Amino acid sequence: MTEPTTPQDTPFMLPDGGPPRFTPFDVDPDAYADGNARAAAWTRELSRRLSQREPSIRRHRAYFAGEQPMRLGSKNWTDAFGDSFGCARNNWMPLVAETAVARIDLQGFRLDPRDPNPDRDAWEIFQANGLDLHAAQLHLDTIVTGWGYTLTWPDEHDDPRITVEDPLETIVMRDPADRRRILAGLKSWRDLVGRWHALLFTPDTVWTLVGGIDGSDERTAIPPQQWTVTKGEDNPLGRVPIVEFINNPDIHWQGHSDLEPVEPLQDALDKTFADLLIASEFTAYRQRVLIGGETPIDPTTKQPITQAEFGIQRLLTLEEGGEIKELEASDLSNYTGVLESLKNDVAALTWTPPQYLLGSMVNISGDALKAAESGLYFRVARKLKLFGESWKATLRLAFHVLGLEEMAMTAEVVWRDHETTSEAVRVDALTKLSTLEVPKVALWEMWGATPTMIERWKAERIEEQIAGGYALGLTPNGPAVEPAAPEPLPEPIAA
């Protein structure tokens, strides 16, 4: 193996012609004979990677919140209008992200198609950790920033505790030889006095570290030399408990925001919208010009009146030779046309249905609307595959905490139908499927029922059937009903 000159520069060098896998601490054994030194080196490297992607995450979040700066205004424009119209935003980034999130609804897990009990156990874990709410937040932040994380760890009762983590504070290191394999994970945070703390997870050890005190209001990178190891303990799970959610990954498994390709268009929208407001303020009204008249004097202030006021109860008198000219109002449709064109570009680049951005499509057939949303279906379907794999890994970790990981090895994530938004259309389709003798439980899942709802409905159906049996006298515990006497058989005909 080629030995790095400094561990923090090249800590993950592959062996020359060696095996395709290596451990997190495959570095110079003499330089890292001490475990604390190895943990500090890994923490420095992962902190550096966090710092590298911090600007892009903050930029994407600013665009989503509508807090992006005015990037296309010149200095003269900013000096003249920045204070008055610089805060104007025509922000479409939340719609781009939330259009996809609205169709990503996790409604349960399927562990064993023959036994519904593990499904209920998985859903109970999901609800016990408040993931009904936090899952939607995780999906939204992953779409906006490109990354998301869950951390699974035993609580004080040895039950799985699953938390959603901030990609500004959490990161994992993948094996370059097999990117499905997680070598280490880092969770860092700053306490109330500004001191940084970190947990470094490796398959065999959990390291606790502290950093310097940062008194700034914003999150800043920790200088690598400030990390100090305070404790190292055996990892009871035997694996890294952090699961990474990636949005739009490239071949190197780097996440990308859905806002990334259209942020320049949002800058153009902001500038055009600000210009529209400026034009409406200064040139959207007819202007009148007094030519050749003597400048009147205000009798109170004794100052020249430089602007003549016109009104229904005012009379303007002019000296001989005075003349009034009128300037037409500006046509603002030039700006509105550019705004519509830019919104069309945003819809095309993000596969957002145009009717969501334009809001003016009326009397459109159902087939036309379905065709307009086909790009969104593909976009969401791709995210369901990626997010589903991460949720299955999270679920396996949760069952591993309980010592029942084998129950979740073949787990599947049950998503709500992401193609159909009309309730009437969905119910009509399910009704037609029922004629093919599709089981009712399967139809309930397709409709969007959670495991808890399905169990309650099944119990209620049993109660209804029992009550119906009472009414017909078919249930043993119900009221006895005397059966009708059979009709006598006809007498045989004599030969």
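Listing for the model above:
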| item | result |
| --- | --- |
| Ordering of 255-267, 404-416 by packing [mean C-beta count within 10 Å, highest first] | 255-267, 404-416 |
| Heavy-atom accessible area ranking, 1.4 Å probe, most first, across Glu233, Glu463 | Glu463, Glu233 |
| For region 110-171, the fraction of alpha-carbon pairs in successive 10 Å shells from zero, as % | 21, 40, 32, 8, 0 |
| Whether region 141-215 is rounded, prolate or oblate, judged on the alpha carbon gyration tensor where a/c under 1.5 counts as rounded | rounded |
| Rule-of-thumb Rg ratio for region 238-282 [Cα; 2.2 N^0.38 Å; N residues] | 2.10 |
| Residue-level accessible surface for Phe126, protein heavy atoms, 1.4 Å, Å² | 10 Å² |
| Accessible heavy-atom area order of Leu277, Leu209, highest first, probe of 1.4 Å | Leu277, Leu209 |
| Accessible surface ranking that places the most exposed of Val438, Val427, Val206 first, with a 1.4 angstrom probe | Val427, Val438, Val206 |
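The values are calculated or read from the model by the stated rules, or taken from the named source; none is laboratory data. Note that the structure is predicted; figures quoted are calculated from it, not measured. For neighbour counting, all protein chains shown are included, and Cβ atoms are generated from backbone atoms with ideal geometry for every residue, glycine included. In case anyone asks, the SASA skips ligands and DNA or RNA and just uses the protein heavy atoms, side chains included. Shrake-Rupley method; radii C 1.70, N 1.55, O 1.52, S 1.80 Å.
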